[in-house]
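J.: Have a look at the structure that comes next, please.
The values are calculated or read from the model by the stated rules, or taken from the named source; none is laboratory data. Note that the structure is predicted; figures quoted are calculated from it, not measured. Cβ placement follows ideal geometry from the backbone for every residue including glycine, while neighbour counts extend to all protein chains displayed.
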Amino acid sequence: MLNKIVCAFCIIAMLAMCVSCSSVEQPIVDITPNSAAASSPGPTLSPTPTESVLLTPSPKPTTMSASLGFVGDIMIMQNQVKSALQSDGSYDFTRSFEPMRELFNSVDIMCGNLEVPLAGESATYSGPAPTRPPATEDNPNSQKPYQTFNAPDELARNLYDLGFDVLTTANNHCLDRGIEGLRRTIRIIREAGLLQTGTFLSKNEVKPLIVEVNGIKIGIVAFSGGFNTFNRNLSEEDLHSISYLYDTEYVKAMINACKEEGADYIIAFPHCGDERVTTPPARVVQLFRDLVSWGADAIIASHPHVVQPIEWLEIERAGKTIKAPIVYSLGNFIANMSTPCDYGMFVKLELEKDQTGTRAVSISYLPVYCIKQYVSGRVVHQTLPCYTDTSRITAIKPLSKDELNAIETCRQFVIDICGKEFLMSEE
């Protein structure tokens, strides 16, 4: 978790969403005290001219490092809202996330995909799943409406207190409460002390997020492959508030804007793919290759609600061989969904920067399980890290034998998909 030191400066310029996109200036959030090393001094000569010249070796070049953590979809559905309601009318989701605090505090930057608006109580909180309307003469093939969500504002502060630093909001539920709900979500996230990207208040704010940690500038961009059709009625001006993954020139321009602002490493968060499928389709595999060829250095994806494989992608870019970590789907972090959509993973990415450049040196994962426990007459959803040493797993209530078995089932399911090569060491 980063030290939430906002030594920030914001230089805001316009980024047009078209082929002729011009470069934009981005905010750089410096989240650590300035630790950049001074320029290395040259050799030191002996002051006595009659003596042999003594050379003092120059200091070895400094290697800087940073670690980032990622989890998947943060979804708040009707039962989760009800269980978070307090006696005074406020809401508190803390106990749903508390078991993950130690892991989140182990990284410099903690990121997640917020897949629920914070549009206010007047916009109605998440309700039951809709049913398909009966067929009529005018509409003989009626379709089941999309389920929509909306969470209390307290969620943002709870996530901040837990250790989240960055939330991406480019996903198919960002418009569940309309454009005003989208914009209010951004404001509430910022007021809670969190950084955010993927949706924007206006055209003038369209820009990637640049975060600096331990002397490494990290560019963060996020895009969604769809918006559950809610984008169809947006005005041209309002369309600037969303990031569409399949607008190729827009995506390229956002990646280039990271480079122009001096990003050492660029992470793309695409929200796309097929739901409840544990193997990415060929079109997604190709798309992620394209993102790397356009300049992204790592791909951390979401949307399928289940985990998908992790791999290192080697590709030629600008005359060099690039080795980019790809997470095809993080799965859900928390949601009221059935197995295997209650399985996810915490992913850790470690970066190093030296005089030759910045690169990922490792990527690892730990399975996580969203358990439901009955506490004081309520169902409480909790995300638990699936350690092999189950004594390290702390839930609200002591874990039963069946719950421990469910944790092990989750762990093995995720390992079967992602392999042991990337499995996080628990030492």
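J.: Condition (residue is farther than 18 Å from I267 by Cβ, surrounded by fewer than 17 Cβ atoms within 10 Å (Cβ to Cβ) and out of contact with any Leu (no Cβ under 9 Å at 6 or more places or on another chain)) applied to region 297-307: is it met by at least one residue?
T.: So far as region 297-307 goes, no, none of its residues is farther than 18 Å from I267 by Cβ, surrounded by fewer than 17 Cβ atoms within 10 Å (Cβ to Cβ) and out of contact with any Leu (no Cβ under 9 Å at 6 or more places or on another chain).
J.: Follow-up question, since we're still on this one. Please work out which one of (1) assigned to a loop (DSSP other than H, G, I, E, B); (2) aromatic (F, W, Y); (3) farther than 21 Å from N336 by Cα is the condition Y125 fails and give its number.
T.: Failed condition: (3).
J.: Name the residue that is surrounded by the fewest Cβ atoms within 10 Å (Cβ to Cβ), counting only residues in region 196-227 that are farther than 18 Å from A257 by Cα and either of a type in the set (A, V, I, L, M, F, W, C) or modelled with pLDDT under 95 (or both). Break it down stepwise before answering.
T.: So in region 196-227, the residues farther than 18 Å from A257 by Cα come out as 201, 213-215, 224-227.
Pick out the ones that are also either of a type in the set (A, V, I, L, M, F, W, C) or modelled with pLDDT under 95 (or both) and you get 201, 213, 227.
Values: L201: 15, V213: 24, F227: 21.
Within region 196-227, the match that is surrounded by the fewest Cβ atoms within 10 Å (Cβ to Cβ) is L201.
Each row is one residue, and each column tells you yes or no for (1) hydrophobic (A, V, I, L, M, F, W, C); (2) touching a residue at least 12 places away in the same chain (Cβ under 8 Å); (3) in contact with a helix residue (DSSP H, G or I) (Cβ under 6 Å, 6 or more places away or on another chain).
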{"residue": "A298", "(1), (2), (3)": "yes, yes, no"}
{"residue": "H303", "(1), (2), (3)": "no, yes, no"}
{"residue": "Q308", "(1), (2), (3)": "no, yes, no"}
{"residue": "A324", "(1), (2), (3)": "yes, yes, yes"}
{"residue": "N332", "(1), (2), (3)": "no, yes, no"}
{"residue": "D342", "(1), (2), (3)": "no, yes, no"}
{"residue": "S364", "(1), (2), (3)": "no, yes, no"}
{"residue": "Y369", "(1), (2), (3)": "no, yes, yes"}
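J.: Restricting attention to region 102-145, and to residues there that are of a type in the set (V, I, T) and under 29 Å from F333 (Cβ atoms), which single residue is nearest to the chain's Cα centre (by Cα)?
T.: Here is the first cut: in region 102-145, the ones of a type in the set (V, I, T) are 107, 109, 116, 124, 131, 136.
Okay, now just the ones that are also under 29 Å from F333 (Cβ atoms), so 107, 109, 116, 124, 131.
Details: V107: 13, I109: 10, V116: 14, T124: 26, T131: 31 Å.
Checking each candidate, the answer is I109.
J.: Now, a different point. If we scan region 156-166, do we find a residue that is in a loop (DSSP other than H, G, I, E, B) and over 15 Å from the mean Cα position of the chain (by Cα)? It would help to see each step written out before you state the result.
T.: Within region 156-166, the first condition is being in a loop (DSSP other than H, G, I, E, B), and the residues that meet it are 163-165.
Among the residues that remain, those that are also over 15 Å from the mean Cα position of the chain (by Cα) are: none.
Within region 156-166 (the criterion being in a loop (DSSP other than H, G, I, E, B) and over 15 Å from the mean Cα position of the chain (by Cα)), the answer is no, since none of the residues qualifies.
J.: Do we find that P304 is assigned to a loop (DSSP other than H, G, I, E, B), at pLDDT 95 or above and farther than 19 Å from V166 by Cβ in this structure?
T.: Numbers: assigned to a loop (DSSP other than H, G, I, E, B): yes; at pLDDT 95 or above: yes; farther than 19 Å from V166 by Cβ: yes.
Here the answer is yes, as P304 does meet what is asked.
J.: What number of residues within region 340-356 satisfy the criterion of being surrounded by fewer than 23 Cβ atoms within 10 Å (Cβ to Cβ) and either outside any strand (DSSP E or B) or modelled with pLDDT under 95 (or both)?
T.: The first filter runs over region 340-356 and keeps only residues surrounded by fewer than 23 Cβ atoms within 10 Å (Cβ to Cβ), leaving 340-341, 348, 350, 352-356.
Applying the additional criterion that residues be either outside any strand (DSSP E or B) or modelled with pLDDT under 95 (or both) yields 340-341, 355-356.
Qualifying residue count, region 340-356: 4.
J.: Identify the residue in region 141-181 that is charged (D, E, K, R) and buried (at least 22 other Cβ atoms within 10 Å of the Cβ) and, among all such residues, is farthest from L245 (Cα to Cα).
T.: Going residue by residue through region 141-181, those that are charged (D, E, K, R) are 144, 153-154, 157, 161, 165, 176-177, 180.
The next check asks that each one be buried (at least 22 other Cβ atoms within 10 Å of the Cβ); those that pass are 165, 176-177.
Numbers: D165: 23, D176: 18, R177: 21 Å.
Filtering first and then ranking leaves D165.
J.: Could you grab me the full set of residues in region 323-377 that are farther than 19 Å from M424 by Cβ and in contact with a Ser or Thr (Cβ under 6 Å, 6 or more places away or on another chain)?
T.: Of region 323-377, the ones farther than 19 Å from M424 by Cβ are 323-324, 334-342, 353-359, 371-377.
I334, D354 - these are the residues of region 323-377 that are farther than 19 Å from M424 by Cβ and in contact with a Ser or Thr (Cβ under 6 Å, 6 or more places away or on another chain).
J.: Condition first: under 30 Å from S65 (Cβ atoms) and assigned to a loop (DSSP other than H, G, I, E, B). Can you find one or more residues in region 228-250 that meet it? Full working, then the answer.
T.: Quick first cut of region 228-250, residues under 30 Å from S65 (Cβ atoms) only: 243.
If we keep only those that are assigned to a loop (DSSP other than H, G, I, E, B) as well, we get 243.
For region 228-250, residues under 30 Å from S65 (Cβ atoms) and assigned to a loop (DSSP other than H, G, I, E, B): present.
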